[in-house]
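Scroll down for the structure; my scribbles are underneath it.
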Number of protein chains: 2
Amino acid sequence: MNLLLLEKKDFIGPGKALVFGRRFEHIKKVLKAKNGTNLSCGLIDGKMGKARITSFYTDSLELEVNLNLDTPKPLPLTLVLALPRPKMLKRIMESVTSLGVKEIYLVNSWRVEKSFWQSPVLEMESLEKYFRLGLEQGKDTIMPQIYQKRFFSKFVKEELPIIGKDSLCILAHPKTSNICPNSVNRKTTLVIGPEGGFIEFEIKALEEAGFETFSIGERILKVETATTYLISRLFT
Amino acid sequence: MNLLLLEKKDFIGPGKALVFGRRFEHIKKVLKAKNGTNLSCGLIDGKMGKARITSFYTDSLELEVNLNLDTPKPLPLTLVLALPRPKMLKRIMESVTSLGVKEIYLVNSWRVEKSFWQSPVLEMESLEKYFRLGLEQGKDTIMPQIYQKRFFSKFVKEELPIIGKDSLCILAHPKTSNICPNSVNRKTTLVIGPEGGFIEFEIKALEEAGFETFSIGERILKVETATTYLISRLFT
């Protein structure tokens, strides 16, 4: 936890917050903070600043909060991800949030196992948990927006061209010798397939929606590694 | 499995191999291969090529193997990593292997929990399992070399200056405004600290060993994300 993430309901008065549960335990046991310790903090979807611990109780702590700093710049990226295995999804949601991704689409694909869509990880409350961990890690307060699209063809045909408008449209696909550009630093829509890749029909549909296929060379990466790798490559 | 990794002992004659166990199950159930199917393959620490399935038995399969291709270029990188939590170590070993890392040092540090050094994951047989998964993923055959160094000061003072000689010596450290260079594409030694970072004493020792501190900006990443992020950033 590099930033203590506060919610509006944590505030018990102007510039005064009360924190308990997971955050309290972490501040006490991992950060080993004491009365008077200053912590980086931020209000969800709001400003960042400092919080000073003014009272340490057995199961909660009181903070004097001063929010006067802007959040770091979001990445100008829309990430379109074939729904990964739930365990990997958790880690990807946390890591891309820590990297500054603010717009995520989870889409179906031929090689996505149907059972993945039944996972409780996909419930909004659960996804938000991983977003919070990512924000606490990356020192940010702005929650990503996430959308779940179970109909690949409809999504790619009707929605994706609008989403990708005026952006660089990149489809990560190992089976091309076209090497992904680096340091593009502009509005980008990045599509990443499932383990095993998109099938030919899907590649064609994505190309028709304006996406160009790129690989990272001879090596093939797991979705999780590829996602961080490509984000690092595109934005410097 | 994008490449079937063979060992010398799998060969039952010239250009003829027999595969069973995990690899057999994967080829049968995940790749859904049949008699006559061609697979990418490679010999550990040797050449890569094609394998054609010539016989499919109930618990094994026979292959006609033709190894005539070179492995992809290794990354000119030595990775020095404060020993991560065992679960994360597994994933990092697999992902950095898939990215082409060939030299890894696991070192102690103040914030490395002592119990991590007792983990069975650190046994060579276990580490090799994750290297194999990484090679199968990234389509490569050359096993990484790994070294475990439990004495930080001794290692940094006596060995690290020799390891880092003639290479770009980078210490990833969030608390600097010095931004990590990108696309250096030359011999590099990259040191990454534990969750929570190196302590001041360690930073100083590493600087004295010739390392310069760099961050990736305002955001702080988990060790796992940072490792892939930095490798992508340094080599394009």
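The values are calculated or read from the model by the stated rules, or taken from the named source; none is laboratory data. The structure presented is a predicted model; accordingly, all values stated were derived computationally and were not measured. Cβ coordinates were reconstructed from backbone atoms using ideal geometry, including for glycine residues, and neighbour counts include every protein chain displayed. Keep in mind that these areas ignore ligands, DNA and RNA; they rest on the heavy atoms of the full protein, side chains included. Shrake-Rupley method; radii C 1.70, N 1.55, O 1.52, S 1.80 Å.
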Work out how much length B:S153 to B:E200 would gain on full extension: take 0.36 nm times their residue separation and subtract the Cα-Cα distance, in nm to one decimal.
-> 15.6 nm
Which whole number gives the average count of other chain Cβ atoms within 10 Å of the Cβ atoms across peptide A:229-236?
-> 6
Tell me, which residues of the range A:1-22 get at least 10 Å² less accessible area when the other protein chains come in, versus the chain alone (1.4 Å probe)?
-> A:N2
On a 0 to 90 degree scale, rounded to 10, what angle separates helix A:124-138 from the longest Cα axis of chain A?
-> 70 degrees
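Can you pull the mean other chain C-beta count within 10 Å for peptide B:214-220?
Per residue, the average neighbour count from other chains is 5.
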Which listed pairs, of B:K102/B:K157; A:K102/A:K149; A:K204/B:K32; A:K8/A:K129; B:K28/B:K90, have C-alpha distances above 21 Å, in listed order = B:K102/B:K157; A:K204/B:K32; B:K28/B:K90
Collect residues whose amide H, placed 1.01 Å from N in the peptide plane, falls under 5 Å from the amide H of B:W110; neighbours closer than 5 in sequence don't count.
-> B:I199
At a 1.4 Å probe radius, carbon and sulfur cover how many percent of the accessible area of the protein assembly as shown?
-> 53 percent
If you average 1/r over all unlike Cα pairs in the range A:26-175 and invert the result, what Kirkwood radius do you get in angstrom?
-> 17.6 Å
Once every DSSP H run of n ≥ 4 in the protein assembly as shown is given -39500 (n - 2.57) and the sum is divided by its residues, what mean residue ellipticity at 222 nm do you get, rounded to the nearest 500 deg cm²/dmol?
-> -7000 deg cm²/dmol
Positive dipole terminus of chain B, leading residue within B:V184, B:T141, B:L31 (C-beta point charges) = B:L31
Between A and B, buried accessible area summed over both sides at probe 1.4 Å, in Å² to the nearest 100?
-> 2600 Å²
Per 20 Å bin, what is the whole-percent P(r) computed from every C-alpha pair distance within the protein assembly as shown?
-> 22, 53, 23, 2
Exposed-loop-free span, longest in chain A, where chymotrypsin sites (Phe, Trp or Tyr not before Pro) count as exposed if DSSP calls them loop and at most 14 other C-beta atoms lie within 10 Å | A:58-150
Label-point separation (nm) for B:K47 and B:W110, each offset 7 Å from Cα along Cα-to-Cβ?
-> 5.3 nm
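Take every residue in peptide B:95-101, count the Cβ atoms of other chains within 10 Å of its Cβ, and give the average of those counts.
Partner Cβ neighbours, averaged per residue: 3.
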Ignoring ligands, DNA and RNA, what accessible area per residue does chain A give at 1.4 Å, in Å²?
-> 48 Å²
If you line up the long axis of helix B:86-98 against the longest principal axis of chain B, both from Cα atoms, how many degrees apart are they, to the nearest 10?
-> 70 degrees
So which GluC sites (Glu not before Pro) in the range B:121-176 are both in a DSSP loop and have at most 15 other Cβ atoms within 10 Å of their Cβ?
-> B:E123
Have a look at the DSSP beta bridges in chain B and tell me what percent are antiparallel, nearest 5.
-> 45 percent
Summarise the long-distance tail of P(r) for the range B:117-177 by giving the % of C-alpha pairs beyond 16 Å.
-> 65 percent
With one decimal in nm and the nearest listed first, the spacings from A:S153 to its own position in the other copies, using label points 7 Å along Cα-to-Cβ, are 6.9
Using the 2.2 N^0.38 Å rule of thumb for compact globular proteins, work out how the range B:4-69 stacks up: its C-alpha Rg over that value, please.
-> 0.98
If you take the C-alpha gyration tensor of the range B:164-227, multiply each eigenvalue by 5 and take the square root, what semi-axes do you get, largest first, in whole Å?
-> 17, 15, 10
Could you give, in nm with one decimal, how far A:H26 is from each other copy of that position, shortest first, with labels 7 Å out from Cα toward Cβ?
-> 3.5
What are the label-to-label distances in nm, one decimal and shortest first, from A:P120 to the same spot in the other copies, with labels 7 Å along Cα to Cβ?
-> 2.9
Rounded to the nearest 5, what is the percent of antiparallel bridges among the DSSP beta bridges in the protein assembly as shown?
-> 45 percent
Give the calculated FRET efficiency between A:K187 and A:E123 to the nearest 0.05, with a Förster radius of 22 Å applied to their Cβ-Cβ distance.
-> 0.15
List the pair-distance distribution P(r) of the range B:114-236, using every Cα-Cα distance, as the percent of pairs falling in each 10 Å bin from 0 up to the bin containing the longest distance, rounded to whole percents.
-> 11, 37, 40, 12, 0
Quick one: Karplus J couplings for the range B:192-207, per residue in order, coefficients 6.51, -1.76, 1.60, θ = phi - 60°, nearest Hz, x for Gly and Pro?
-> 10, x, x, 4, x, x, 5, 7, 3, 4, 6, 4, 4, 4, 5, 5
Starting from the residue with the highest accessible area, list B:R91, B:R22 in decreasing order, probe 1.4 Å.
-> B:R22, B:R91
